[in-house]
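Structure record follows, encoded as structure tokens.
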Amino acid sequence: MAAKRDYYEVLSVSRTATDSEISASYRKLAIKYHPDKNPGDEDAVVKFKEAAEAYEVLSDSDKRSRYDRFGHAGVDGPQGGAPHFGDINDIFEAFGGIFGDVFNGSGGGRGRGRRQGSDVRADVTLELREAARGVKKEIQISRHTRCESCAGSGARKGSKPETCRYCGGRGQVIQSTGIFRMQTTCPSCHGSGTVIQDPCGDCRGEGYVLERVAREIQIPAGVDTGTRLRITGEGDPSPNGGPAGDCYCFITVKDHPLFQRDGQNLICTMPISYSQAALGAEIDVPTLDGQEPLKVPAGTQPNTVFRMKGKGMPDPRVRGKGDLLVQVHVDVPTKLTKKQEQLLRELAEEEHANVSPHRKSFFDKLKDYLTGEEEASAENEGKAR
């Protein structure tokens, strides 16, 4: 699933744009991609909905502030207030008045449709091996459910919501701006058409309470950090009888101590000795399925990379696996036995290589130093005579 575009980018305005600049840009896009001007063009419908969603957030000072600080995460979910335009009629319900004069010669919208509930988020953390093989995971979903005390009305038991006097129960008010008529949500009832004078004590007049439910999901093999999985119908309920929203599971794959991931490939660094690199060897390489033999040819140079086909990560979208890239590192020992040092010195002589002399102890070095000072002193005295 493609990530949402930045709302400022969608409306082609800067992050310091004024309210009037945001409104003007949105009107241009709304006219350009309006369904009446682009019949049968699904791409235009997508851009029309995208612009409406961006305008809904950036035209509201509170939502815009949260979006500027936290991005999409600040306005997604039940508390964020970001709209979910599941159907084109949802946009006309929220903004219908702005299009009437331009396209139909009237100020009315297209009627209220049943809106889908808000989407919610759940986070899932996997080990690399789990991501490679696929796994069933139980996740915890925080979402809203209808309050049983008031049956979702928001009013205390024995009372009921009253019709909003500001909008006459329509939930929308119309504002005229030149040739445009803007239909916006009623500021008094927030679009519900009713006002609760005696709110329910359990849900505080919201009609919904927060609940936490467990669900088991099947995570396909090959997912990576940032992958989103959708669970249909496990989000918040609709405010007016429409379908429930969805739950989006965001995947995080932990770092592995041996393998570094590069897309579908895995990278592993293997230390080998100088003699193995020079003479060749067969070494055991760790993979996600256990150890596998790898032939290192004679004369292998440091940082040489060997490719083990099909030993990487699967791709959830296509068949097949990536590769395991084994980079060899020639390990130089920090300590040698007398036998090892002797053999290496013999090798150096054979190669006519200039190597460091045999190490002297601290006391040997101290003796040489003092002897040198005594000889220098005697020589100076002789010259003085």
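We did not get these values from a lab; they are worked out from the coordinates using the rules stated. Everything quoted here is computed from the prediction, not taken from an experiment. Cβ: placed from backbone, ideal geometry, glycine included. Neighbour counts: every protein chain shown.
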Q: Tabulate in residue order the Karplus-calculated ³J(HN,Hα) for the range 158-165, using 6.51 cos²θ - 1.76 cosθ + 1.60 with θ = phi - 60°, rounded to whole Hz; enter x for Gly and Pro.
A: x, 10, 8, x, 9, 5, 5, 7
Q) When E211, E162 are ordered from fewest to most other Cβ atoms inside 10 Å of their Cβ, what list results? A) E211, E162
**Q.** Whether the range 207-303 is rounded, prolate or oblate, judged on the alpha carbon gyration tensor where a/c under 1.5 counts as rounded
**A.** prolate
(Q) If you average the alpha carbon positions of the range 1-62 and of the range 283-299, how far apart do those two centres end up, in angstrom? (A) 54 Å
Q) Counting pairs of alpha carbon atoms under 8 Å apart in space and at least six apart in sequence, what relative contact order in percent does the range 135-272 give? A) 26 percent
Q) In the range 275-351, which trypsin sites (Lys or Arg not before Pro) fall in coil by DSSP and have 15 or fewer other Cβ atoms within 10 Å? A) K309, R317, R319, K335
Q.
Largest first and in whole Å, what are the equivalent-ellipsoid semi-axes of the range 260-330 based on the Cα gyration tensor, each being the root of 5 times an eigenvalue?
A. 25, 11, 9
**Q.** Net charge contributed by nearby residues that have their C-beta within less than 15 Å of D43 (K/R +1, D/E -1)
**A.** +2
Q.
From the phi angles alone, apply the Karplus equation (6.51, -1.76, 1.60; θ = phi - 60°) to the range 41-56 and give each ³J(HN,Hα) in whole Hz, x where the residue is Gly or Pro.
A. 8, 5, 5, 5, 5, 4, 5, 4, 5, 5, 5, 5, 5, 5, 5, 4
Q) Once you sort the root eigenvalues of the Cα gyration tensor of the range 1-83 as a ≥ b ≥ c, which label holds: rounded (a/c under 1.5), prolate (a/b larger than b/c) or oblate (the other case)? A) oblate
Q) Can you list the chymotrypsin sites (Phe, Trp or Tyr not before Pro) in the range 141-240 that are in a DSSP coil and have 15 or fewer other beta carbons within 10 angstrom? A) Y166
Q. Of K136/K254; K309/K335; K49/K136; K136/K309; K28/K49, which pairs sit farther than 25 Å apart, going by alpha carbon to alpha carbon?
A. K309/K335; K49/K136; K136/K309
(Q) Sort F70, F259 by Cβ crowding within 10 Å, fewest neighbours at the top. (A) F70, F259
Q: Grab the other residues whose beta carbon is less than 14 angstrom from that of T232, score K and R as +1, D and E as -1, and report the net.
A: 0
Q) For the residues H72, H144, what sequence is obtained by ranking on other C-beta atoms within 10 Å, fewest first? A) H72, H144
Q.
Can you tally the net charge around H256? Count Lys and Arg as +1, Asp and Glu as -1, for every other residue whose Cβ sits under 15 Å from the Cβ of H256.
A. -1
Q) What residues have an amide H closer than 5 Å to that of C186, excluding those fewer than 5 places away on the same chain, when H is modeled at 1.01 Å from N in the peptide plane? A) Q172, V173, G191
Q) If R0 is 45 Å, what FRET efficiency do you get for K338 and A214 from their C-beta distance, rounded to 0.05? A) 0.10
